[in-house]
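Quick notes on the structure that follows.
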Amino acid sequence: MRLLIGAFLIASLAMISSSEAVKLDWPSLLETGEKCSALPRELILSVIWTESRGNPNAINVNGVGGFSPKTPEQAIEILYKYNKANSDIGLMQINWKTWGPHYGLRTVDLLDPATNICYGSRILRDYINEHRGSWKGVGRYNAVTHSKQLDYASRVSITYKKIKAMYQRKGGSK
């Protein structure tokens, strides 16, 4: 199964030409997410794909827009240009203003893929638990309003179903 996840990501990421994303050790990173949160790697991967398309340096400055820097250094430059505003950082687009101080993380910490996946999957798990295991918890990971939660959960669910179907076709699903 580790090879299937890696193959899916490499094929998907190759389509978007994110050389940094292709270089990552995806099976190991997703295992980190599983260990940190007890969530299935397919769900973690679905959120990563929906949030950043697998770019570990992705930055979204709320009110300004999204950026796809190629290096962590470029990502840090963007963050400092906007004075570390209300920004979403890395693979799982963790909101630094909300979660950085809560967990004692610096912006640069969230650019580390393993750290990002660990904390992002914990946050995701907590929202899912808060909403009694429902997809509403997945929606809450990204949005506050009900309509935006539904839209986000739907997008993640579609990706999740595609990943699960791919494993079933290959005979490697849990």
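The values are calculated or read from the model by the stated rules, or taken from the named source; none is laboratory data. Keep in mind that what you see is a predicted model, and the values were worked out from it rather than measured. Neighbour counts are summed over all protein chains in view; Cβ atoms, including those assigned to glycine, are modelled from backbone coordinates with ideal geometry.
Examine the stretch 163-172 for a residue that is of a type in the set (Ser, Thr, Tyr) and modelled with pLDDT under 95, and state whether such a residue exists. Spell out the reasoning first.
Start the filter on the stretch 163-172 by keeping residues that are of a type in the set (Ser, Thr, Tyr), which leaves 167.
Cutting the leftovers down to modelled with pLDDT under 95 gives us 167.
The answer is yes, given that some residue of the stretch 163-172 is of a type in the set (Ser, Thr, Tyr) and modelled with pLDDT under 95.
Assessment of the stretch 39-46 against the conditions (modelled with pLDDT of 95 or more, hydroxyl-bearing (Ser, Thr, Tyr), crowded, with 22+ Cβ neighbours inside 10 Å and within 14 Å of the chain's Cα centre (by Cα)) yields at least one matching residue.
Annotation note: of Ile158, Ile117, the sole residue that is of a type in the set (Val, Ile, Thr), closer than 19 Å to Ile48 by Cα, part of a helix (DSSP H, G or I) and under 13 Å from the mean Cα position of the chain (by Cα) is Ile117.
Only residues that are of a type in the set (Asp, Glu) and part of a helix (DSSP H, G or I) were counted across the stretch 22-36, and they come to 2.
Annotation note: Cβ proximity below 7 Å between a residue of the stretch 141-154 that is under 19 Å from Leu45 (Cα atoms) and a residue that is hydroxyl-bearing (Ser, Thr, Tyr) and at pLDDT 95 or above (sequence gap 6+ or interchain) occurs for Tyr141/Tyr127; Asn142/Tyr152; Ala143/Tyr152.
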